[in-house]
Amino acid sequence: MADAEIIPIGTRGQPGRGTGKRPSAAARGLAPKSATPRKAAPAKKPATPTPDGAPVEERPVVDDTPVIEIPSLLDTPADVPPTTSSTAPAARTEERGSSPLAGIPAGDWLSAFQHASKELFGDQWEPQLARFLAFLRRRLTGDYTVDEYGFDAEVTERFFMAALRPVAQKWFRIEVRGIDNIPAEGGALVVSNHSGTVPVDGLMTMVSIHDHTGRFLRPLGADLVFRLPLVGSVARKGGATLACSEDAERMLRGGELVGVWPEGFKGIGKPFSERYKLQRFGRGGFVAAALRTGVPIVPLSVVGAEEIYPLVGNIPSLARLLGVPYIPITPLFPLLGPLGLVPLPSKWLLEFGEPIRTDEYDAGAADDPMLVFNVTDQVRETIQQTLYSLLMQRESVFR
């Protein structure tokens with residue numbers, strides 16, 4: 001037993017793996033196709049003499065690292081069964097599965113697209129999607145109209161009004177009264193009080209008039225608005241123009257509905273303690289423009305805008321440094337940072353008064369300072385008395 005030679009099981013009479021020259025048939029069948037064959041080089045050792053001096057031949061040392069040989073597709077060993085055709089589809093599926101988007105039928109793509117369009121545009125998604133694609137085509141090809149002031153009616157209706165409408169209806173819950181006093185056509189001048197620290201009341205007036213009459217209000221803005229890089233271009237596209245007599249008269253003669261806020265920055269920048277007290281209406285330039293063109297003046301009173309940003313302080317030195325009329329301090333800003341910029345959800349009331357006719361005056365009435373002053377004071381007093389009346393009717397600031 002001491003001289004017995006120990007031979008590993010399954011090696012066909014040779015130590016190591018297989019026959020010592022190549023793997024067994026089973027091992028070759030299990031070998032992965034990506035492996036690189038490596039041959040074991042037996043290490044040669046000198047013969048070790050025995051005690052009696054006779055050399056004894058050493059067995060070759062075989063590397064224990066598994067030797068894997070990849071069978072060629074053109075030279076399949078005889079002891080490996082040939083690959084059947086049933087394995088070919090599996091290989092193709094594995095290759096196709098390398099791309100996550102491969103193999104999805106076109107019908108599934110179309111169904112997913114239709115479902116997404118219905119969720120986005122509603123049941124009438126097909127015509128709405130067609131209109132949207134047509135809008136994109138016109139924008140890309142330049143097939144759209146912008147007037148001489150830079151007003152883009154299509155962008156204003158599709159985007160600006162669509163963005164402002166939820167704020168007007170859901171956040172401020174605007175109630176509009178006397179909308180019949182807005183002429184259905186022709187030029188008219190809407191004169192309103194100004195408040196709210198930030199001129200949000202002008203935007204809400206624009207969307208309210210458009211939703212109830214279908215007309216676009218063309219606001220007259222201060223020069224500061226058009227000096228701002230992004231705000232100025234957006235204001236132009238939305239229909240605003242510089243508050244000067246020449247532009248105002250041209251638009252009124254062209255049959256536009258023009259909006260003006262004569263209080264200016266004095267109105268939106270007044271402290272909360274002076275809320276709903278009208279400031280001076282300037283020199284009456286808007287009245288002179290209405291007299292020259294003979295269009296009616298529609299007074300507008302807005303209640304609710306004073307409470308969105310209650311102004312309790314100001315930083316005049318910083319305002320002068322930045323070149324702005326004022327730096328507001330409210331109970332929430334700058335204490336809460338950007339969160340303080342969210343307006344409070346006050347309840348708004350908009351009431352349009354009876355139009356004040358100007359076509360009954362003589363041709364040179366706009367050059368009479370006293371007449372211009374009297375008409376200006378009449379418009380201001382009408383708005384102020386309506387504000388007091390609405391404040392008495394309002395149940396709560398936020399309801």
Rounded to the nearest Å, the spacing of the alpha-carbon centers of segment 113-184 and segment 345-399 is 31 Å
FRET efficiency for residue 179 and residue 361 from the Cβ-Cβ distance with R0 = 35 Å, rounded to 0.05, comes out at 0.85
For residue 394 and residue 119, compute 0.36 nm times the residue count separating them, minus their Cα-Cα distance, and round to one decimal in nm. 95.1 nm
Please give the charge dipole size of segment 279-399, origin at the Cα centre, charges +1 on K and R Cβ atoms and -1 on D and E Cβ atoms. Round to the nearest 20 debye. 560 debye
Please report 341, 387 as a ranked list, fewest other C-beta atoms within 10 angstrom at the top and most at the bottom. 341, 387
Over the Cα atoms of segment 195-252, compute the convex hull volume and normalise it per residue, giving Å³. 93 Å³
If you take all C-alpha pairs in segment 268-399, what percent of them are over 17 Å apart? 68 percent
If we sort 185-194, 268-277 on the protection proxy, mean other Cβ atoms within 10 Å, highest first, what's the order? 185-194, 268-277
Neighbouring Cβ atoms within 10 Å as the yardstick, rank 315, 297, 104, 182 fewest first. 104, 315, 182, 297
Proxy reagent accessibility, fewest Cβ within 10 Å first, across 211, 201: 211, 201
Nonlocal amide H pairs with residue 302, under 5 Å, H built at 1.01 Å: 193
What size of dipole, in debye to the nearest 20, comes out for segment 261-323 about its Cα centre when the only charges are +1 on Lys and Arg C-beta atoms and -1 on Asp and Glu C-beta atoms? 280 debye
With T = 25 °C, eta = 0.890 mPa s and Kirkwood Rh from C-alpha pairs, the Stokes-Einstein D of segment 128-216 in µm²/s is about 162 µm²/s
Cβ-defined net charge surrounding residue 304, 10 Å radius [Lys, Arg +1; Asp, Glu -1]: -1
How would segment 330-399 be classified by its alpha-carbon gyration tensor: rounded, prolate or oblate, with rounded meaning a/c under 1.5 and the a/b versus b/c comparison settling the rest? prolate
Largest first and to the nearest Å, give the Cα extent of segment 236-333 along each principal axis. 44, 29, 27
Which whole-angstrom value gives the distance between the alpha carbon centres of segment 310-333 and segment 218-247? 22 Å
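Just so you know, all these numbers are worked out from the coordinates, no wet-lab data involved. Everything quoted here is computed from the prediction, not taken from an experiment. All Cβ positions, even for glycine, are placed from backbone atoms using ideal geometry, and neighbour counts span all protein chains on display.
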